[in-house]
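Right, one structure below, let's go through it.
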Number of protein chains: 2
Amino acid sequence: MKTLVIISHPTLDESSSQQFLVQSFPESENVTLHHLEKNYPDEEIDVQKEQALLKNHDRILFQFPFYWYSSPPLLKKWQDEVLEEHFAFGHRGNQLNGKAFGLILVIGVAEKEYQTGGLEGFSISELTKPYQAVARKTGMHYLKPLEIYQFPYMTEEEKMKLLISYQQWLTIDRPDSLKYREEWMIDQLETLDHTLLDSSESSFIIDKAIELLEDNRIELDELNMHIDHLHE
Amino acid sequence: MKTLVIISHPTLDESSSQQFLVQSFPESENVTLHHLEKNYPDEEIDVQKEQALLKNHDRILFQFPFYWYSSPPLLKKWQDEVLEEHFAFGHRGNQLNGKAFGLILVIGVAEKEYQTGGLEGFSISELTKPYQAVARKTGMHYLKPLEIYQFPYMTEEEKMKLLISYQQWLTIDRPDSLKYREEWMIDQLETLDHTLLDSSESSFIIDKAIELLEDNRIELDELNMHIDHLHE
């Protein structure tokens, strides 16, 4: 599973949230970061190159600040030019068919305001309909978005949780599956550089954490089998 | 009632529908046509000038081709820069409060496809939620959009109907009211240059049409009064 993250932000260096995400970007040959404003300072998009990039990835993610309930202008320009007829839709336009498509939204207003009666009055599901329609028209599977609300007000703990969610979002095949997230966590714990840990005690605790996660999974799998059996 | 029509189209001269609309634009001091790409070929928007223009009008209309269920990029840039906090929303940001806001959408796909089960799968009401949210946040009254489907396939008669709808949309206080549309039609008929008509017969027909419209209105008003009376 190869993931392409297309970032659009007119002033990326000045955004603390975007800087945090860029610095949290996982080092993996299966994940590509692609910042539009950096690649195209003159806004002249290389359509052939962008289409090749899309073809070469299985999951396409748009990451942007949710200005006026949509993306910055350059990402819209990219959509209008790159997602051409006969490539993305229409006759023989099946190049994106079967890929996954999702949004990583950085949102300035609190989550609770995105509902009827809230300050914004509409839900994120309602406001992102145009993107759901893009996925539908191009035959892509629309993912649940990763929504990041009010980053500047986040505690350190919330930021660490975000870092984990973000890395999982980009690297795990199915980030909405508990099983896949567990496997990811075990993998991370196993590849930790134990020499960097302050004592053999931390090392012991990590081994125990892995053991516990694995035991939990065995128990969950057994329960699932039991339930399946009851239904037969 | 002063109306501002903000048009965004990257290649206006090449669009037959936009050319038709621009040529149909009513000559009136109360209607302002403002084509963004023409005014800002370098895309450097004069925020002060745009905000002054907004303040000077009572009804703001966005006219654009509905590419990927949204506007061309320059109109989005305009939104992000002109609709600032403290001007359009937030503390003391009440400059657009009470104005009317609407969309004039030029749409390439047939109307029937914009529904569940149709090719596009979503309705125009769903896809334009971000604009409804803009109206809500800035305190503007959201109008029913003027939707123009598949202009190149229109018959001459359909185009004439569109011309009338478009002119009414821009000049009448309440284009959704039959009474206001009648008044507009009488006004148009009365100001026709009779010397341009081919015979005195046409002139006679027009006078009769005006008379008929006026008689209809009197009868409708009487019926309304009668109904109100019954309810008392």
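The numbers here are math on the coordinates, done by the rules we state, and not lab data. Note that this is a predicted model, so its numbers are computed, not measured. Here the Cβ is made from the backbone with ideal geometry for all residues, glycine too, and neighbour counts use every protein chain on show.
Relative protection proxy for A:70-79, A:169-178, B:223-232, from highest mean packing down: A:70-79, A:169-178, B:223-232 (other beta-carbon atoms within 10 angstrom).
Give the average, rounded to an integer, of partner chain Cβ atoms located within 10 angstrom of each Cβ in B:60-69.
3
Could you tell me how many degrees, from 0 to 90 and to the nearest 10, lie between the Cα long axis of helix B:200-231 and the main elongation axis, the longest principal axis, of the Cα atoms of chain B? So the helix axis and the longest Cα principal axis differ by about 80 degrees. Over the residues of chain A, the helix contribution to mean residue ellipticity at 222 nm works out to -14000 deg cm²/dmol, using -39500 (n - 2.57) for each DSSP H run of at least 4.
Rounded to the nearest 10 degrees, the inclination of helix A:73-82 to the longest alpha-carbon principal axis of chain A is 80 degrees.
From the Cα trace of the stretch A:126-232, what convex hull volume per residue do you get, rounded to a whole Å³? Intermediate values should be presented prior to the final figure.
On the way: hull volume 19.1 nm³, N = 107.
Convex hull of Cα atoms, per residue: 178 Å³.
With label points defined 7 Å past Cα in the direction of Cβ, position A:L163 shows copy-to-copy spacings of 6.6 nm, given to one decimal and shortest first. Highest mean packing comes first when the peptides B:118-125, B:23-30 are listed by Cβ atoms within 10 Å, giving B:118-125, B:23-30.
Counting Cβ atoms of other protein chains within 10 Å of each Cβ in A:113-123 and taking the mean gives 2.
What separates the B:L230 label point from its copies, with the point 7 Å along Cα to Cβ, is 6.2 nm, written shortest first. Other residues with beta-carbon under 13 Å from the beta-carbon of B:N39 carry, at +1 per Lys or Arg and -1 per Asp or Glu, a net charge of -3. Net charge in the neighbourhood of B:F89 (other residues with Cβ under 12 Å of its Cβ; Lys, Arg +1, Asp, Glu -1) is 0. With a sphere of radius 11 Å drawn around the Cβ of A:L53, what net charge do the other residues whose Cβ falls strictly inside it have (Lys, Arg +1; Asp, Glu -1)? Every neighbour counted, the sum reads +1.
Counting only DSSP beta bridges whose two residues both lie in the stretch B:3-174, roughly 5 percent are antiparallel. Mean separation of Cα pairs under 8 Å and 6 or more residues apart, divided by the residue count, gives chain B a relative contact order of 18 percent.
Which whole number gives the average count of other chain Cβ atoms within 10 Å of the Cβ atoms across peptide B:135-143? Could the numbers behind the result be given before it?
Numbers: counts 0, 4, 6, 0, 0, 0, 0, 0, 0.
Mean inter-chain Cβ contacts per residue within 10 Å come to 1.
Closest approach of any chain A Cβ to the axis that rotates A onto B belongs to A:P73, 2, distance given in whole Å. Most tightly packed first, judged by the mean number of other beta-carbon atoms within 10 Å of their residues, the peptides B:107-117, B:8-18, A:99-109 read A:99-109, B:8-18, B:107-117.
Greater than 30 Å separation of Cα atoms is the criterion. Which listed pairs, A:K144/B:K55; A:K2/A:K159; B:K55/B:K144; A:K49/A:K129; A:K76/B:K55; A:K112/A:K159, meet it?
A:K144/B:K55
Using only Cα atoms, find the angle between the long axis of helix A:156-171 and the longest principal axis of chain A, and express it within 0 to 90 degrees, rounded to the nearest 10. Rounded to the nearest ten degrees, it is 70.
Over the stretch B:24-75, the Kirkwood radius and the radius of gyration, each from Cα atoms, give a ratio Rg/Rh of 0.97. Of all beta bridges that DSSP places with both ends in the protein assembly as shown, some 5 percent have antiparallel geometry.
Calculation over all alpha carbon pairs of chain B in 10 angstrom steps from 0 returns a P(r) of 7, 26, 31, 22, 12, 2, 0 percent. For the protein assembly as shown, the convex hull drawn through the C-alpha positions has a volume of 238 cubic angstrom per residue.
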